Amino acid sequence: MRAHEAGALHGDIGNRGPAWLRTPADVNALVPQLWPRTATRAADGALAVGRLGVREIAAEFGTPVYVLDEDDLRSRCRDFRAAFADADVYYAGKAFLCRAVVRMIAEEGLYLDVCTGGELATALSAGMPPERIGFHGNNKSVAELTRALDAGVGRIVLDSFTEIDRLTALARERGVRPGVLIRVTVGVEAHTHEFIATAHEDQKFGFSLAGGAAAAAAFKVLDEDVLDLRGLHSHIGSQIFDANGFEVSARRVLALQAQIRDARGVELPELDLGGGFGIAYTTQDDPSAPQELAKRLRKIVDGECAAERLAVPHLSIEPGRAIVGPAVLTLYEVGTVKDVDGIRTYVSVDGGMSDNIRTALYDASYSATLASRASTAQPLLARVVGKHCESGDIVVKDEFLPADVQPGDLVAVPGTGAYCRSMASNYNHVPRPPVVAVRDGRARLIVRRETEEDLLALDVG
Ligand SMILES: Cc1ncc(COP(=O)(O)O)c(C=O)c1O
C-alpha cells in the first residue's frame with residue numbers, strides 16, 4: 001500500500017481503478033452498448049453521431065453540449081412500443097423533458113408521465129394530448145392539481161391521504177371525475193443506490209402496503225364518487241437490472257388487488273409497474289432489451305393473476321432513463337491535464353457537476369472517449385473532472401484515455417440523456433449547456449445554451 005499522510009484509506013486509492021475496468025486493446029474503440037446507435041468513428045478518427053462530426057457540432061454550438069441522437073431516441077421508443085404492444089408506455093419526463101422530446105415521444109406513440117406543474121406546462125405547450133399524460137408527485141399543490149384537472153390529464157397518481165382529500169374537493173367543485181391510480185410502496189429493496197430506490201418502506205413516496213395505508217387509500221378512493229379508481233401503481237427504483245424486485249413488487253401489489261376485490265367486489269382494470277429499467281453506463285452494465293423485459297414482466301403478472309384468480313389488468317410502464325439515457329452524449333473540451341504526483345491523472349473539462357450531478361449525487365459511474373481525434377498513444381487511466389469548486393466535481397471516476405490527451409481535445413461522455421440536463425444547476429454561476437438534436441447529417445438546437453445575461457436577469461436585487 002502506498003504511504004500517504006492522509007492515512008490508509010486515501011493511500012489505498014491507487015491509480016488502478018476499479019477491478020472490473022480493463023485496459024482497452026484499442027483506446028479509440030467504441031463499445032456499442034455505451035454509445036448512441038448512430039455513433040461511429042469517422043474516417044478522420046473523430047467521433048460522429050447522427051452523421052455529423054463532433055468537431056463540427058462543437059464549432060457550431062460550443063462546449064459543453066448535450067448531443068441527442070434523434071434516431072436513437074425514436075428507435076428506443078419504438079422498441080418499447082413493440083415489446084409492450086398491449087400495454088401503455090409512459091415516457092418518464094423527469095429524465096429529460098423539452099418540447100422537441102415531447103413531440104418525438106408523442107409521434108412514436110408513447111404516453112407521458114409528468115410530476116410538476118413545469119413538466120405539465122412543457123408537455124401541454126408541445127401539444128401532448130392531455131389524455132395521454134399521467135401526473136405523478138408526492139406533493140402536488142392545489143394549483144398543480146387544478147391545472148391538471150382543467151387540462152383533462154388522463155390520470156393522476158395519488159400519493160397521500162392529504163392529496164386524496166385535495167383532489168376530491170377540487171373534482172367536486174368542477175364536476176369532473178378524474179381517473180386515478182394509488183401509488184403503493186411495496187417494501188422492495190431494489191438493488192440500486194439508496195436515493196433512487198423508491199419502494200422500501202422508509203421513504204417519502206406512496207402508501208405503505210405493509211402498514212395497511214395502501215388498502216385504506218384504495219377503500220377511501222372507492223368511497224369517493226368523484227374519483228375513478230383505475231388501478232394500483234408501483235415503481236421500485238431506478239437503474240435496476242434484476243427482475244426479482246419487479247417480481248416481488250407485482251406479487252405484493254396484485255395481492256392487494258385481490259384484497260380489494262374480496263372486500264369490495266371490484267377488480268381494478270389497470271396496473272402500472274413503473275420504470276427503472278437499467279442502462280449501460282460502463283462495460284459492467286448489461287441491460288435487458290425491452291422484448292426481454294416485456295416477456296419477464298408479462299410472465300410475472302400472468303402468473304400472479306392466475307394465483308390470485310384475477311383478470312389480467314391493462315398494464316402500463318414508465319421508462320425514462322432507458323429511452324433517453326443512451327440517446328445522448330455530452331461533449332466537453334479539455335482545459336487542463338494534471339498528473340498528481342504519480343497518483344492519478346486529472347483531465348479537467350469545461351463543465352462538470354452543474355451539467356452532470358449524478359456522479360457526485362449517486363456515486364454513478366460513466367465512461368468517456370477522446371472524441372475529436374483518434375490516437376495511437378497508450379491507454380492512460382484518467383479521472384475526468386469538471387471546473388467547479390468541489391473536489392467531488394467528478395464526471396467520470398475512472399476511464400482509459402490516450403496518454404496524449406491534451407488541452408483543446410474534445411472528450412465525449414455517453415449515457416447522459418437521463419437526469420443530467422434535467423438535474424443541471426447553475427453552481428458557480430455556470431450557464432447550463434444547450435441540447436442539440438442530430439439526425440441525418442443535420443443538427444438542430446432544441447434547448448439553447450443559458451447565457452450570463454440569463455443568470456443576471458434573475459438577479460433583481
Ligand atoms: C414514479 C416513477 N416512474 C418512473 C420513473 C422513471 O425511472 P427511470 O428513468 O429510471 O426509468 C421514476 C423515476 O424516478 C419514477 O419516480
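Condition first: more than 14 Å from the ligand (Cβ to nearest atom), over 25 Å from S425 (Cβ atoms) and in contact with a strand residue (DSSP E or B) (Cβ under 8 Å, 6 or more places away or on another chain). Now tell me which residues in the stretch 88-107 satisfy that.
Selection gives A106 alone.
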*Return the only residue of R251, R296, R321 being within 16 Å of the chain's Cα centre (by Cα) and in contact (Cβ under 8 Å) with a residue 24 or more places away in the chain.*
R321
*asked:* Which pairs turn up if I take residues in the stretch 148-161 that are in contact (Cβ under 8 Å) with a residue 12 or more places away in the chain and among the aliphatic types (A, V, I, L, M) and look for partners that are within 14 Å of the ligand (Cβ to nearest atom) and part of a loop (DSSP other than H, G, I, E, B) with beta carbon separation below 6 Å, at least 6 apart in sequence or on another chain?
replied: V157/H136
*Of the numbered conditions (1) more than 16 Å from the ligand (Cβ to nearest atom); (2) touching a residue at least 60 places away in the same chain (Cβ under 8 Å); (3) in contact with a Phe, Trp or Tyr (Cβ under 8 Å, 6 or more places away or on another chain), I260 satisfies every one except a single condition; which is it?*
(2)
_Neighbours by Cβ (under 8 Å, 6+ apart or cross-chain): first from the stretch 121-133, closer than 11 Å to A148 by Cβ; second aromatic (F, W, Y)_ = I133/Y111
*Restrict the check to the stretch 324-345 and report whether at least one residue is within 30 Å of I240 (Cβ to Cβ) and either surrounded by fewer than 24 Cβ atoms within 10 Å (Cβ to Cβ) or among the charged types (D, E, K, R) (or both).*
no
*asked:* With the requirement that a residue be touching a residue at least 60 places away in the same chain (Cβ under 8 Å) and surrounded by fewer than 20 Cβ atoms within 10 Å (Cβ to Cβ), what does the stretch 413-438 give you?
replied: S422, M423, S425, N426, Y427, N428, P434
*Given the conditions (1) within 16 Å of the ligand (Cβ to nearest atom); (2) within 30 Å of G386 (Cα to Cα); (3) part of a strand (DSSP E or B), report the number of the one that L271 does not fulfil.*
(2)
*What pairs can you find where one residue is in the stretch 234-246 and surrounded by fewer than 23 Cβ atoms within 10 Å (Cβ to Cβ), the other is in a helix (DSSP H, G or I), and their Cβ atoms are less than 7 Å apart, with a gap of 6+ or different chains?*
A243/R296
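Return the only residue of V221, V253 being modelled with pLDDT of 90 or more, β-branched (V, I, T) and more than 13 Å from C305 (Cα to Cα).
Details: V253 fails: more than 13 Å from C305 (Cα to Cα).
Testing whether each residue is modelled with pLDDT of 90 or more, β-branched (V, I, T) and more than 13 Å from C305 (Cα to Cα) leaves just V221.
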*Does G265 satisfy the criteria of being on the phi > 0 side of the Ramachandran plot, under 29 Å from the mean Cα position of the chain (by Cα) and not basic (K, R)?*
no
*Please indicate, with yes or no, whether at least one residue in the stretch 404-413 is within 16 Å of the ligand (Cβ to nearest atom) and within 29 Å of T116 (Cα to Cα).*
no
*For L120, work out the one condition from (1) within 18 Å of I446 (Cβ to Cβ); (2) touching a Phe, Trp or Tyr at 6+ places or on another chain (Cβ under 7 Å) it doesn't fulfil.*
(1)
_Evaluation of E131 against (1) under 30 Å from R442 (Cβ atoms); (2) charged (D, E, K, R); (3) surrounded by fewer than 18 Cβ atoms within 10 Å (Cβ to Cβ) (one fails), failing number_ = (1)
*If you scan the stretch 323-355, which residues turn out to be within 16 Å of the ligand (Cβ to nearest atom) and either part of a strand (DSSP E or B) or touching a His at 6+ places or on another chain (Cβ under 6 Å) (or both)?*
V328
*Which pairs do you get when a residue that is crowded, with 18+ Cβ neighbours inside 10 Å, found in the stretch 379-392, comes within reach of a residue that is part of a strand (DSSP E or B) and at pLDDT below 95, reach meaning Cβ atoms under 6 angstrom, with the pair 6+ apart or on two chains?*
R383/R344
*Can you name the condition, by its number, that L297 falls short on among (1) under 24 Å from D285 (Cβ atoms); (2) at pLDDT 95 or above?*
(2)
*Tell me, please, whether a residue that is away from the ligand (no atom under 16 Å from the Cβ), at pLDDT 95 or above and either over 19 Å from the mean Cα position of the chain (by Cα) or surrounded by fewer than 24 Cβ atoms within 10 Å (Cβ to Cβ) (or both) can be found in the stretch 187-201.*
no
*Could you grab me the full set of residues in the stretch 218-256 that are within 20 Å of S160 (Cβ to Cβ), within 12 Å of the ligand (Cβ to nearest atom) and assigned to a loop (DSSP other than H, G, I, E, B)?*
S234, H235, I236
*Do we find a residue being over 24 Å from A327 (Cβ atoms) and surrounded by 14 or more Cβ atoms within 10 Å (Cβ to Cβ) anywhere in the stretch 272-295?*
no
*Residue check: is L310 modelled with pLDDT of 95 or more and part of a strand (DSSP E or B)?*
no
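The values are calculated or read from the model by the stated rules, or taken from the named source; none is laboratory data. Quick caveat: nothing in here was measured; it's all calculated off a predicted structure. With ideal geometry, Cβ positions are generated from the backbone for all residues, glycine too; neighbour counts draw on all protein chains shown.
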